[in-house]
Amino acid sequence: MKILVLNSGSSSLKFQLFKKADLSVLASGLIEQIGDAKSAAQLSFFDSSGVEQELKQNAPVVDHREAIKVMADMLRASGTLVDTEELAGIGHRVVHGGESFHQPVRIDENVISAIEELIPLAPLHNPANLMGIRVTMEHVGPTPQVAVFDTAFHQSIPEHAYLYALPYSLYEKKKVRRYGFHGTSHAYVARQAALYLDRPVEELNIITLHLGNGASAAAIRGGKCIDTSMGMTPLEGLVMGTRSGDLDPAILFYLSRESGLDIDALDTLLNKESGLKGICGENDMRTISQAAEQGDHQAKLALTIFCYRLRKYIGAYMAALGGVDCIVFTGGIGENSAIVRQLSCQGMERLGLCLDGKKNSIRQKEILEIQAGDSQVSLLVIPTDEEHEIASQTLQVIDEMNVS
Ligand code: AMP
């Protein structure tokens, strides 16, 4: 039997097919620019002799309904999923589970309504996730479908860390609070870290740093998240590719009064034109690092600001946890950028955090240990795998269903 994982975005559909027995990957695909004449679909898979193959399709995919059909056709053509009866379950990534979902759940009409009710909290993401769920339900009938929420891992954050210092009624009436995101990634790498260190996760204080185009940090005590840097929306916290992260909220009033920017313009400014891009005009960390190395002042500044914010969060979370055993770097930047890891740990030796420059420059796909011999804190680079985590949580829900 097999497990299919779907990540349905507003104009894309990512999918991965796993073997249920060991959660090994059988196929993974991406359909991009849905609704556009330039849409393209690709699938990589392992054939019956275990050789990796690729399928491509460039015909326009008009909507998510057609995208699901294209996915099914490609999986069938690859021989990895000939009949939907081979599916033990389907796991869907859902961005916002609000306060309703602390763990993955089997999808039914009530769950769909609850995800719908949360649309105001994630107006771009939840509708796209729901579209994937609805269309798949029509296609596969009774196959169990499971929703895995980006926010669920952070639901263990205590009240004093998730509440903003705003009138309490805004929390009661409008649910204004910290939710946090990237939960499946933080949960996955924290568990991998404990396995790697060969220690029960219950004994460990871990800081996980998911550094991609979107970036967030999480403080995890005994396997439970106690704080995270993203807030009510993914805008808060670390400096990101195009998002500002933390800033003085009064800047918005100032810009509104002085520059006449309206709400939508401010939203675009903070979400799409700020962060690394705002400082140096570029949001790709590879380009920024190269330019910084060649002496470009703005690129150097962007890199320094990015790493300084990161260092402040590491320090804050060491305080929140009362000491840390392990720090994990993950995401496109965390896994690949030695300079970001080096700068974000710089000057923290007195806090027991010592990075080994040589180990840090090694590139490998497996878990990499980069602390120096005298470091009191383990520093690990762990490739994240959100799809695997969704498959694993889906399987857990299916197994629990079969027991009860
Ligand atoms: P993600 O959102 O996790 O896919 O990560 C995207 C970010 O990872 C982009 O800023 C990329 O520039 C960055 N990235 C990917 N590969 C590298 C690399 N080799 N060195 C530095 N940054 C990288």
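What the table below lists for this structure:
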| item | result |
| --- | --- |
| Cα-based shape type of the range 237-356, given that a ≥ b ≥ c are square roots of the gyration tensor eigenvalues and the cut on a/c is 1.5 | oblate |
| For the range 10-77, alpha-carbon Rg relative to the globular expectation (2.2 N^0.38 Å, N residues) | 1.13 |
| For the range 78-89, 3J(HN,Hα) per residue [Karplus equation, 6.51 cos²θ - 1.76 cosθ + 1.60, θ = phi - 60°, Hz, x = Gly/Pro] | 7, x, 7, 8, 7, 9, 5, 5, 6, 8, 7, x |
| Residue pairs, from the table 175/224; 20/272; 224/359, whose Cα atoms sit over 32 Å apart | 20/272 |
| For the chain: rounded, prolate or oblate by the Cα gyration tensor [a/c cutoff 1.5] | rounded |
| Linear extension gain, residue 232 paired with residue 116, 0.36 nm per residue minus alpha-carbon span | 40.0 nm |
| The range 179-218 - percent relative contact order, Cα under 8 Å, separation 6 or more | 38 percent |
| Estimated FRET transfer efficiency (residue 290, residue 266; beta-carbon r; R0 35 Å; 0.05) | 0.65 |
| The range 274-404, relative contact order in percent, only Cα pairs under 8 angstrom and at least six apart counted | 19 percent |
| Relative contact order (percent, whole number), the chain, Cα cutoff 8 Å, 6+ residue spacing | 14 percent |
| Estimated 222 nm signal from helices in the chain, with DSSP H stretches of n ≥ 4 weighted -39500 (n - 2.57), rounded to 500 | -12000 deg cm²/dmol |
| Cα centroid of the range 213-291 to Cα centroid of the range 1-75, whole Å | 31 Å |
| Spatially proximal aspartates and glutamates relative to residue 69 (Cα-Cα < 19 Å; intrachain offsets below 8 disregarded) | 32, 36, 54, 83, 85, 86, 138 |
| Exposed-site-free run, longest, the chain (rule: GluC sites (Glu not before Pro); DSSP loop; at most 15 other C-beta within 10 Å) | 100-272 |
| 153, 181, ranked by accessible area, largest first (probe 1.4 Å) | 153, 181 |
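The values are calculated or read from the model by the stated rules, or taken from the named source; none is laboratory data. The structure displayed is predicted, hence computed values, not measured ones. When we count neighbours, we look across all protein chains shown, and the Cβ atoms used for this are built from the backbone with ideal geometry, even at glycine. Heads up: the accessible areas ignore ligands, DNA and RNA and are worked out on the full protein's heavy atoms, side chains in. Shrake-Rupley method; radii C 1.70, N 1.55, O 1.52, S 1.80 Å.
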